[in-house]
Amino acid sequence: MPNSDFLAEATARGFVHQCTDPAGLDAAFAAGPVRGYIGFDCTADSLHVGSLVQIMLLRLMQRHGHRPVVLMGGGTTRIGDPSGKDESRQLLSDAQIAANMAGIARVFAPFLRFGPDAAMVADNADWLDPLGYIPLLREVGTHFTINRMLTFDSVKLRLEREQPLTFLEFNYMILQSYDFRELFRRHGVTLQMGGSDQWGNIVSGIELVRRTDAATVYGLTTKLITTASGAKMGKTAQGAVWLTADRLAPYDYWQFWRNTEDADVGRFLRLFTDLPLDETARLEALGGAEINEAKKILATEATALAHGAAAAAAAAATARSTFEQGAAAATLPGIGVPRSDLDAGIPAFRLFTEAGLAASNGEARRLIRGGGARLNDVPLADEGQVIGAADLRDGAIKLSAGRKQHRLVRPV
């Protein structure tokens with residue numbers, strides 16, 4: 001049965017950044033099942049961790065008895081959303097868009113239940129493709145002013161940076177607003193959610209529904225998630241952290257969460273797991289070496305959601321045998337490094353040489369540049385990256401050259 005606690009829990013977990021009418025939306029949730037949507041353009045054949053906040057928000061909505069709607073941008077992907085972008089996006093062919101849409105559909109299966117009375121998928125190509133452009137502009141375009149559109153960050157920032165904004169992209173706001181109205185008319189959707197960069201598009205859709213249908217609908221945005229050190233969520237030096245196993249192995253996904261900064265553990269437990277809030281608070285309060293246990297729980301819970309409990313357990317067991325049992329049993333050769341050197345940090349190429357994984361600094365640099373080096377089972381891309389105490393995992397740092405040569409670095 002649906003309940004009215006969704007907005008309260010979403011706020012407590014740190015999802016909510018802006019809401020057009022919190023009191024009205026809360027009342028709508030209390031009155032009965034609400035249908036809310038988030039749009040995903042089909043620019044790749046998977047989604048990465050940067051989209052996970054949106055997916056988890058849809059999941060939370062379903063857990064509270066409401067109906068999430070995944071909107072695939074089969075139509076809008078042909079244009080490209082300028083929100084948060086410095087440059088125009090490369091246009092994709094219809095075949096590429098269709099292949100990407102099929103790949104993205106796989107991402108949602110572990111997170112949402114789909115069915116006649118559960119989550120649903122829509123494709124905005126269903127209503128955008130048949131449109132005649134002039135009739136669309138006559139009916140919908142009259143409700144948008146250039147003056148207002150120029151005030152939104154998605155447009156203003158591009159112009160301030162003197163980056164081109166094509167007329168094709170300028171239409172994106174109109175089409176996203178049209179999506180909201182079509183979903184309202186066809187499926188009774190009354191809530192649009194998205195990242196904070198979508199605020200202007202969402203507000204425009206609400207105004208269109210109000211003007212043309214005299215109806216009240218709502219908008220909600222999430223915060224842009226960055227790590228404690230300021231890095232954008234979902235991006236690493238090695239590339240995007242993808243949500244499908246063919247793009248990123250479950251073990252590497254587990255390691256991504258295990259490597260979370262100490263200051264982010266509580267926040268990420270609230271956002272990216274289903275653990276109760278009192279349990280996330282307990283884990284967040286752990287200090288010293290115990291915070292590593294909280295990181296393992298975060299890694300296992302997050303991996304179980306994306307890849308299943310069996311894959312998460314296998315990843316945790318592999319990590320445990322490598323870093324704990326492996327170290328104790330001396331199954332991997334290791335070297336000792338003065339703790340003071342680790343505190344100061346050691347360039348990656350030099351540490352690989354000292355560990356005996358390369359015959360010289362030049363060979364170590366070539367190994368790293370060639371993609372054959374891994375740090376704690378994560379590909380190492382920067383030969384000058386500083387490796388230090390922050391990289392210790394259960395008392396050791398694992399270095400790998402290829403798939404068969406490994407060393408454990410321990411402070412002495």
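The values are calculated or read from the model by the stated rules, or taken from the named source; none is laboratory data. From a predicted model like this one, the values you see are computed outputs, not experimental measurements. Virtual Cβ from ideal backbone geometry, glycine too; neighbours counted across all protein chains shown. What goes into the accessible areas is simple: the full protein's heavy atoms, side chains included, and nothing from ligands, DNA or RNA. Shrake-Rupley method; radii C 1.70, N 1.55, O 1.52, S 1.80 Å.
Among the residues of region 374-412, how many are open to solvent by less than 10 Å² (accessible area, probe 1.4 Å), of a type in the set (A, V, I, L, M) and part of a loop (DSSP other than H, G, I, E, B)?
Of the residues in that region, 1 qualify.
Tally time: how many residues in region 252-288 are touching a Gly at 6+ places or on another chain (Cβ under 9 Å) and hydrophobic (A, V, I, L, M, F, W, C)?
4
Which members of region 335-358 meet the condition of being without any contact (Cβ under 8 Å) to a residue 40 or more places away in the chain, open to solvent by less than 40 Å² (accessible area, probe 1.4 Å) and within 15 Å of Leu408 (Cα to Cα)?
Within region 335-358, Ala348, Thr353 qualify.
Please work out if Asp81 is closer than 20 Å to Gln54 by Cα, at pLDDT below 85 and open to solvent by less than 70 Å² (accessible area, probe 1.4 Å).
yes
Filter region 179-232 down to the residues that are hydroxyl-bearing (Ser, Thr, Tyr) and at pLDDT 95 or above, then identify the one that is surrounded by the fewest Cβ atoms within 10 Å (Cβ to Cβ).
Thr216
Any chance region 158-171 includes a residue that's within 22 Å of Thr77 (Cβ to Cβ) and of a type in the set (Lys, Arg)?
Yes, region 158-171 has at least one match.
Go through region 96-134 and report how many residues are in a helix (DSSP H, G or I) and open to solvent by 80 Å² or more (accessible area, probe 1.4 Å).
5
Do the conditions hold for Gly336, that is, is it assigned to a strand (DSSP E or B) and modelled with pLDDT under 90?
When the stated conditions are applied, Gly336 passes them.
Could you grab me the full set of residues in region 20-39 that are touching a strand residue (DSSP E or B) at 6+ places or on another chain (Cβ under 8 Å) and either farther than 26 Å from Ala306 by Cβ or surrounded by 19 or more Cβ atoms within 10 Å (Cβ to Cβ) (or both)?
Scanning region 20-39 gives Thr20, Asp21, Gly24, Leu25, Ala28, Pro33, Val34, Gly36, Tyr37, Ile38, Gly39.
So, Arg366, is that one open to solvent by 40 Å² or more (accessible area, probe 1.4 Å), at negative phi and not aliphatic (A, V, I, L, M) or not?
When the stated conditions are applied, Arg366 passes them.
Against the conditions (1) at pLDDT 95 or above; (2) surrounded by 15 or more Cβ atoms within 10 Å (Cβ to Cβ), where does Cys42 fall short? Just the number, please.
Tallying (1) at pLDDT 95 or above; (2) surrounded by 15 or more Cβ atoms within 10 Å (Cβ to Cβ), Cys42 fails exactly one: (1).
Quick check on my filter: what residues within region 1-19 are open to solvent by less than 30 Å² (accessible area, probe 1.4 Å) and either within 16 Å of Gln62 (Cβ to Cβ) or at pLDDT below 95 (or both)?
Scanning region 1-19 gives Phe6, Leu7, Ala10, Arg13, Phe15.
Report the residue count in region 245-258 for those that are in contact with a Leu (Cβ under 9 Å, 6 or more places away or on another chain) and either at pLDDT below 80 or open to solvent by 10 Å² or more (accessible area, probe 1.4 Å) (or both).
1
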